[in-house]
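J.: Can you keep this structure in mind? I'll have questions shortly.
The values are calculated or read from the model by the stated rules, or taken from the named source; none is laboratory data. Owing to the predicted nature of the structure, the values given are computational and were not obtained by experimental measurement. For neighbour counting, all protein chains shown are included, and Cβ atoms are generated from backbone atoms with ideal geometry for every residue, glycine included.
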Amino acid sequence: MPYTATFTPETLTRAEADAARGPLVLEFGANWCQHCQGAQPHVRAAFEQAGAQTPHVKVEDGKGRPLGRSFDVKLWPTLVFLKDGQELARLVRPQDAAQIAQALERICA
């Protein structure tokens, strides 16, 4: 599952994220968010550059959404990089593909 283009309502629970095996990227934000829209070319480029098949789950976040609150998300977009359920990196409002690619490499190693 490479780059995902659209934020969707939560389908994943924190327990499922914690129990996930292998690499997983959770991206919290909203489709209408200008910061999220501005980051998408960087996110897409990093996934394409890495050639990673890392699961990328775009979680539509907002007030009262339990998954985002459990990860203490305050600003959008926030990318949480997990490996075997453990957070290894986090990027808030990433500005370039290189920093995203580095975090992807870390969880795919």
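J.: Looking only at residues that are of a type in the set (S, T, N, Q) and either within 14 Å of Ala98 (Cα to Cα) or surrounded by 13 or more Cβ atoms within 10 Å (Cβ to Cβ) (or both) in region 17-49, which one is farthest from the chain's Cα centre (by Cα)?
T.: That would be Gln49.
J.: Also: Would you confirm, using the coordinates I've provided, whether Phe47 is modelled with pLDDT under 95 and either under 15 Å from Leu91 (Cβ atoms) or part of a helix (DSSP H, G or I) (or both)?
T.: yes
J.: Something else: Confirm whether Trp32 is out of contact with any strand residue (DSSP E or B) (no Cβ under 7 Å at 6 or more places or on another chain), of a type in the set (Phe, Trp, Tyr) and part of a loop (DSSP other than H, G, I, E, B).
T.: For Trp32, the condition - out of contact with any strand residue (DSSP E or B) (no Cβ under 7 Å at 6 or more places or on another chain), of a type in the set (Phe, Trp, Tyr) and part of a loop (DSSP other than H, G, I, E, B) - is met.
J.: Test of understanding: among Lys74, Lys58, which residue is within 18 Å of Thr11 (Cβ to Cβ) and modelled with pLDDT of 95 or more?
T.: Among Lys74, Lys58, only Lys58 is within 18 Å of Thr11 (Cβ to Cβ) and modelled with pLDDT of 95 or more.
J.: Residues that are assigned to a helix (DSSP H, G or I), under 12 Å from the mean Cα position of the chain (by Cα) and farther than 18 Å from Ile107 by Cα: does region 50-60 have at least one?
T.: Among the residues of region 50-60, not one is assigned to a helix (DSSP H, G or I), under 12 Å from the mean Cα position of the chain (by Cα) and farther than 18 Å from Ile107 by Cα, which makes the answer no.
J.: Can I ask one more? Picking from Val73, Val59, Val80, Val92, which residue would you name as being in contact (Cβ under 8 Å) with a residue 40 or more places away in the chain and over 16 Å from Ala20 (Cβ atoms)?
T.: Result of the check over Val73, Val59, Val80, Val92: Val73.
J.: Can you pull out every residue in region 12-26 that is among the charged types (D, E, K, R) and either out of contact with any helix residue (DSSP H, G or I) (no Cβ under 7 Å at 6 or more places or on another chain) or in a loop (DSSP other than H, G, I, E, B) (or both)?
T.: Glu16, Asp18, Arg21
J.: Can I ask one more? So, in region 61-105, how many residues would count as being within 13 Å of the chain's Cα centre (by Cα) and of a type in the set (Asp, Glu)?
T.: Qualifying residue count for the region: 2.
J.: Here is a further query. May I ask you to list the residues in region 73-95 that are loosely packed, with under 13 Cβ neighbours inside 10 Å, over 18 Å from Thr6 (Cα atoms) and either aliphatic (A, V, I, L, M) or out of contact with any strand residue (DSSP E or B) (no Cβ under 9 Å at 6 or more places or on another chain) (or both)?
T.: Once the filter is applied, which keeps residues that are loosely packed, with under 13 Cβ neighbours inside 10 Å, over 18 Å from Thr6 (Cα atoms) and either aliphatic (A, V, I, L, M) or out of contact with any strand residue (DSSP E or B) (no Cβ under 9 Å at 6 or more places or on another chain) (or both), region 73-95 yields Gln86, Gln95.
J.: For the structure I just gave you, tell me whether Val80 is under 20 Å from Thr13 (Cα atoms), of a type in the set (Val, Ile, Thr) and at pLDDT 95 or above.
T.: So Val80 fits the description; yes.
J.: Next question, about the same structure. Restricting the search to region 72-92, which residues are part of a loop (DSSP other than H, G, I, E, B) and at negative phi?
T.: If the condition is that a residue be part of a loop (DSSP other than H, G, I, E, B) and at negative phi, then Val73, Lys74, Leu75, Trp76, Pro77 are the ones that fit.
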